[in-house]
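Everything below concerns the one structure shown next.
Computed from the coordinates by the stated procedures, all read-outs in this text should not be read as laboratory data. Values in this document were obtained by computation on a predicted structure and should not be read as measured data. Here the Cβ positions follow ideal geometry from the backbone for every residue, glycine too, while neighbour counts run over all protein chains shown.
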C-alpha cells in the first residue's frame, strides 16, 4: 500500500496511532475515489490535489463505505489475501488516511 504524495506531507507511520477497530471509515466529503484508466491507478481526487494510490490501496479505500468497521475491513481483506499482513498494515494505512483528512 503506497501513496504518491509530496515528501514530508504526512507523519511517519510510527507516529500515527492505530485507529479504533470499531471506527467505520468513509471518505471525507471533499474526497472522491476515481480510477484513471490511462494510468491504470486509483486516485483520491481532492480540491486542488490528486493522490495516486498504488498496489492494493484503492481496493482498501473502496471498502471504506461507512458501513464496515476497521475490524470488518481487515477480516474481508484477510479472507481475500490470507498470507498478507493485513491485520497490521491496513489499520496503519487507514490511520494515515484519517490523519491526512481523507477519511472520516
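In the chain, the calculated helix contribution to ellipticity at 222 nm averages -9000 deg cm²/dmol per residue, counting -39,500 (n - 2.57) for every DSSP H run with n ≥ 4. Enter the angle in degrees (range 0 to 90, nearest 10) between the Cα long axis of helix 86-100 and the first principal axis of the Cα atoms of the chain, meaning the one along which they spread out most. So the inclination is approximately 40 degrees.
How big is D, in µm² s⁻¹, for the chain by Stokes-Einstein at 10 °C and 1.306 mPa s if Rh is the Kirkwood radius over C-alpha pairs? Taking Rh from Cα pairs, D becomes 114 µm²/s.
Placing pseudo-labels 7 Å out from each Cα toward the beta carbon at residue 75 and residue 46 gives an inter-label distance of 3.1 nm. Report note on the peptides 29-36, 63-70: ranked by the mean count of other C-beta atoms within 10 Å, highest first, their order is 63-70, 29-36.
Relative to the longest principal axis of the Cα atoms of the chain, helix 70-80 runs at roughly 90 degrees.
At a threshold of 8 angstrom on Cα-Cα distance, excluding pairs fewer than six apart, so keeping six or more, what relative contact order does the chain reach in percent? 38 percent. Counting 0.36 nm for each residue step from residue 38 to residue 22 and taking away their Cα separation leaves a gain of 2.1 nm.
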